[in-house]
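A.B. asks: Have a look at this one before I ask anything.
The values are calculated or read from the model by the stated rules, or taken from the named source; none is laboratory data. Note that the structure is a prediction, hence the values are computed from the model and not measured. Here the Cβ positions follow ideal geometry from the backbone for every residue, glycine too, while neighbour counts run over all protein chains shown.
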Amino acid sequence: MTASHLDPPIIELTGVRKTYRSGSIEFEALRGIDTGIDAGEYVAVIGPSGSGKSTLMNLLGCLDNPTEGHYRLAGEDVSEMSEAQLAEVRNRRIGFVFQQFNLLASLPAWRNVELPLVYAGMPRAERRERAIAALGRVGLSDRTENRPGELSGGQQQRVAVARALVTEPALILADEPTGNLDSGSTADVLDLLDELHASGRTIVLITHEHDVAARASRRLIISDGRITSDERAGVTP
Amino acid sequence: MSWLETFRAGIEAVRAHRLRSLLTMLGIVIGISSVILTVGLGQGAQDEVKDQISALGSNLLIVSPGSSTSSSGVRGGFGSASTLTLQDATAMADRYVVPDAAKVAPTTSGSTSLTAGETNWTTSVVGTTTAWLDVRARALSSGRFFTAQEVEQAADVVVLGSDTASELFSFGSPVGQTVTVDGTPMSVIGVLASSGSSSTGSSEDDQAVMPIGTAKQVTGGSGSSVSTIYVEAGSAETLAAAYQEIDALLLNLHGVSAAAADFSISTQDSLVETANATNQTLTVLLGGIAAISLLVGGIGVMNIMLVSVTERVREIGLRKALGATPKVIRRQFLVEASVLGLAGGVVGVLIGTVGAQVLPPLIDQPVSVSVVATLAAIGTALALGIGFGVYPASRAARLTPIDALRSE
Ligand SMILES: Nc1ncnc2c1ncn2[C@@H]1O[C@H](COP(=O)(O)OP(=O)(O)O)[C@@H](O)[C@H]1O
Ligand SMILES: [Mg+2]
């Protein structure tokens, strides 16, 4: 977290636009985003529903391609990468936490958590060990064999957080991770993100709730596909 | 991700979606077992005919009256005036004229009613000479065959087929007993051993064999004509030579050109060929039915694989988000489809082979399992499953992760 301006920013967006086409209808969800995020930052992206927050996160996570502009992740231009390279980037550098949890219902918790390690090519025994350790970190040591259907929403999201941190990625992207949770579970998940931030990870948290955003060290406010405000904690209240 | 890992995950996915996997396999199971059974039926019919023909004897030439264009060598001339005579048979037996014929057995055929005490039994009558037993590769279970002298004298003796003997004499040995044929009492001197032909109700075991002169009196055959002359060549090597010699001899004796030949000579091979040509139609028909059922099975597989992939586009999106490359996704579905196809194939083969054991007694038809047809059926089912499973999966693997994740 120290000397962050000496390191290259982990995320660099220049002139990024995203236009959705469905049939003859076009909709510009992002209308020119220019920003950078340094390694170790904890950034909250806030904005009303439909403002383009998820669209932005999908681009940051290399889940989708911008229509225009450039995205450099850790200094590398993502738009020039092949499918296989993108898969590796997602696998090695990024951990995702989705609003819908996105767990595989047929697999027990630890098998869900080990999935990124499977694609990283790690041997089976080591995978299991690390998946169970990750579940321990989110407080689910006693739930490793349960399938998602046997867990509460908050527990499911903690499994998802364990899956996001199991590869020790530099960047964690969370799209409204507490959107489907009650206040108790929300606090649990946000505490986990705080911990991850404290251990040096870069976190981008998307939310439309200001009290959730209050945990972050920086707030990007987005509206109609544009960043309208960029506040750092302590600089602006 | 290694193949072993992918394979393990594939089996897991198959087990996780049990009902869907079962339904997918059902199409393959039905397709493959019906291919095995229908092709097996056709094959069984062919094998049976082959059995019957090889049971006739070995290195056999069958000379029948009538031109070779009239098919069905064995029964040709039955009921019509025969152009073959006893003199033809005698000439064939001449060591100098036909050196390659080892044994010659002229036969007449007809049918009559036999009476033993109160019991009546209608059977076919074969009139022949002493050579018949060897030429037709038959054996006696009791008693003796008739002698050359008895043939010459047209003695009133008869040798019964095993079924005929048991029909007429339910108790005790038939040998030494008397049967009445057309009012003439004849003594039973022997009983033939069963021909061992697998088919039930074979006429080979239901017949009365008598000296040729005796048979003529019984069935009222005209003059010296015979219905078939069986010739045994000394060995497989001399079969062709014997064929040429007999052909030349008969053309000469009958004074006709080859084009106008009034007889035909078949070998067992040519009989098998003729029978197979007839069976071909059956086999093609059955094969067609089997192919259709396999196709229907394949369409079922395709259907369920398509639904399954569509259902799992979100899963594909998630796996891609977590770092799966399109190649890994394609492999995963390839393995799943192969596991399903193979499992269905194995179950189908099991049901088909069990059916091939259980069915024949019920339908009185032999069924022989063809390895080639079985392998081809498994291959087809596998190809259908893989083709129709992997195609939609590889399309889904090309979606951007977010499009896949968003799909419902
Ligand atoms: N796949 C899509 N096709 C068309 N329009 C879309 C698609 N995804 C999002 N949008 C539109 O883009 C805008 C931004 O969406 P999104 O980024 O999901 O907003 P947020 O997450 O801030 O609520 C919305 O108006 C939405 O309707
Ligand atoms: Mg959203």
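A.B. asks: Has the range A:54-62 got at least one residue that is under 30 Å from A:GLU26 (Cα atoms), outside any helix (DSSP H, G or I) and facing chain B (nearest Cβ under 9 Å)?
C.D. replies: Checked against the condition, which is being under 30 Å from A:GLU26 (Cα atoms), outside any helix (DSSP H, G or I) and facing chain B (nearest Cβ under 9 Å), the range A:54-62 yields at least one hit.
A.B. asks: Separate question: State which residue is farthest from B:VAL14 (Cα to Cα) when the search covers only the range B:282-306 and only residues that are without any contact (Cβ under 8 Å) to a residue 40 or more places away in the chain and out of contact with any Gly (no Cβ under 9 Å at 6 or more places or on another chain).
C.D. replies: The residue in question is B:GLY288.
A.B. asks: Picking from A:LEU59, A:LEU86, A:LEU103, A:LEU30, which residue would you name as being closer than 30 Å to A:GLN155 by Cα, within 13 Å of ligand 1 (Cβ to nearest atom) and in contact (Cβ under 8 Å) with a residue 24 or more places away in the chain? Before the answer, list the steps.
C.D. replies: Values: A:LEU86 fails: within 13 Å of ligand 1 (Cβ to nearest atom); A:LEU103 fails: within 13 Å of ligand 1 (Cβ to nearest atom); A:LEU30 fails: closer than 30 Å to A:GLN155 by Cα.
So the residue among A:LEU59, A:LEU86, A:LEU103, A:LEU30 that is closer than 30 Å to A:GLN155 by Cα, within 13 Å of ligand 1 (Cβ to nearest atom) and in contact (Cβ under 8 Å) with a residue 24 or more places away in the chain is A:LEU59.
A.B. asks: Further, regarding this structure: What number of residues within the range A:1-32 are at pLDDT below 85 and among the charged types (D, E, K, R)?
C.D. replies: Residues meeting the conditions: 1.
A.B. asks: Pick out, from the range B:105-176, the helices (runs of 4 or more DSSP H) lying fully within it that include 2 or more residues that are farther than 30 Å from B:THR83 by Cα and in the same structural domain as B:SER224 (by TED's automatic domain parsing). Steps first, answer last, please.
C.D. replies: Values: elements: B:132-135, B:148-153, B:162-168.
The helices (runs of 4 or more DSSP H) meeting that bar are B:162-168.
A.B. asks: Look at B:THR83 and say whether it is part of a strand (DSSP E or B), of a type in the set (Ser, Thr, Tyr), within 35 Å of the chain's Cα centre (by Cα) and surrounded by fewer than 22 Cβ atoms within 10 Å (Cβ to Cβ). Give the derivation first.
C.D. replies: Details: part of a strand (DSSP E or B): no; of a type in the set (Ser, Thr, Tyr): yes; within 35 Å of the chain's Cα centre (by Cα): yes; surrounded by fewer than 22 Cβ atoms within 10 Å (Cβ to Cβ): yes.
In short, no.
A.B. asks: Could you check how many residues of the range A:170-184 are outside any strand (DSSP E or B) and more than 15 Å from ligand 2 (Cβ to nearest atom)? Can you show your working first?
C.D. replies: Within the range A:170-184, the subset outside any strand (DSSP E or B) is A:170, A:176-184.
Still in the list and also more than 15 Å from ligand 2 (Cβ to nearest atom): A:170, A:181-184.
The qualifying residues number 5.
Residue-by-condition table, conditions (1) assigned to a helix (DSSP H, G or I); (2) of a type outside the set (Gly, Ala, Ser); (3) more than 39 Å from the chain's Cα centre (by Cα); (4) more than 14 Å from chain A (Cβ to nearest Cβ):
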| residue | (1), (2), (3), (4) |
| --- | --- |
| B:LYS320 | yes, yes, yes, no |
| B:ARG331 | yes, yes, yes, no |
| B:SER338 | yes, no, no, yes |
| B:LEU350 | yes, yes, no, yes |
| B:THR353 | yes, yes, no, yes |
| B:GLY385 | yes, no, no, yes |
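A.B. asks: Would you be able to say whether some residue in the range A:140-157 is within 14 Å of chain B (Cβ to nearest Cβ), in contact (Cβ under 8 Å) with a residue 60 or more places away in the chain and more than 16 Å from ligand 2 (Cβ to nearest atom)? Walk me through it before giving the result.
C.D. replies: Going through the range A:140-157, the residues within 14 Å of chain B (Cβ to nearest Cβ) turn out to be A:147-149, A:156.
Among the residues that remain, those that are also in contact (Cβ under 8 Å) with a residue 60 or more places away in the chain are: none.
Checking the range A:140-157: not a single residue is within 14 Å of chain B (Cβ to nearest Cβ), in contact (Cβ under 8 Å) with a residue 60 or more places away in the chain and more than 16 Å from ligand 2 (Cβ to nearest atom).
A.B. asks: Against the conditions (1) closer than 24 Å to B:SER227 by Cβ; (2) within 14 Å of chain A (Cβ to nearest Cβ), where does B:VAL49 fall short? Just the number, please.
C.D. replies: The single condition B:VAL49 does not satisfy is (2).
A.B. asks: Let me ask you something else. Of all residues in the range B:1-46, how many are assigned to a helix (DSSP H, G or I) and either under 30 Å from A:ASN91 (Cβ atoms) or within 12 Å of another protein chain (Cβ to nearest Cβ) (or both)?
C.D. replies: Residues flagged as assigned to a helix (DSSP H, G or I) and either under 30 Å from A:ASN91 (Cβ atoms) or within 12 Å of another protein chain (Cβ to nearest Cβ) (or both) within the range B:1-46 amount to 17.
A.B. asks: Oh, and also: Determine whether the range B:301-308 contains at least one residue that is within 14 Å of chain A (Cβ to nearest Cβ) and surrounded by 17 or more Cβ atoms within 10 Å (Cβ to Cβ). Spell out how you get there, then give the answer.
C.D. replies: At the first step, the residues of the range B:301-308 found to be within 14 Å of chain A (Cβ to nearest Cβ) are B:308.
Next, from what is left, pick out any that are surrounded by 17 or more Cβ atoms within 10 Å (Cβ to Cβ): B:308.
Yes, that holds for at least one residue.
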